[in-house]
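Worksheet for the structure shown next.
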Amino acid sequence: MTVETHTNVLVRMRNELKADLQREAVINDRKLTQEINVRLIESLKATPLPAPAPRPHPMHQPHTATVLHTNEKGPGEVLSDLDRAMLRVFHGLPPEKQLALLSLFKN
């Protein structure tokens, strides 16, 4: 039993780029797929990308920055980053879920 070491990938690219790659494949006596693979492998060797910085979860951010919340009655409470993150989540919920949450907090 053989183990498949390749996978198919559907990639969209500009027509000009494909033509350039096909020309280079002919010059290098390769198939288009081989040319693309060689170039990708070489580009990863030449300039490895840095690992992305971890992004903190919005619900776990420290309570540092604050924003003054105002309404028709004037200045309100000061909102922390966590407060604002919770409001974003709440506002993203459908109205029936918002009402369900509010009813839980009233009890």
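Some notes on this structure:
- Accessible surface for residue 91 stands near 130 Å², nearest 10, in the context of the full protein assembly shown (1.4 Å probe).
- Computed from label points 7 Å out along Cα-Cβ, the spacing between residue 53 and residue 103 is 4.4 nm.
- Net length available on complete extension from residue 90 to residue 26 is 17.3 nm, with 0.36 nm assigned per residue and the Cα-Cα distance removed.
- Of the residues 45, 106, ranked by 1.4 Å probe accessible area with the largest first, the sequence reads 106, 45.
- Listed values for segment 88-103 are Karplus-derived 3J(HN,Hα) couplings in whole Hz (6.51 cos²θ - 1.76 cosθ + 1.60, θ = phi - 60°), namely 4, 5, 4, 5, x, 7, x, x, 5, 6, 4, 5, 4, 5, 4, 5, and x replaces Gly and Pro.
- Relative protection proxy for 16-24, 32-40, from highest mean packing down: 32-40, 16-24 (other beta-carbon atoms within 10 angstrom).
The values are calculated or read from the model by the stated rules, or taken from the named source; none is laboratory data. Just so it is clear, the model here is predicted, and its values are computed rather than measured. Positions of Cβ are generated from backbone atoms using ideal geometry, with glycine treated the same way; all protein chains shown enter the neighbour counts. Please note that ligands, DNA and RNA were not included when accessible areas were found on the heavy atoms of the full protein model with its side chains. Shrake-Rupley method; radii C 1.70, N 1.55, O 1.52, S 1.80 Å.
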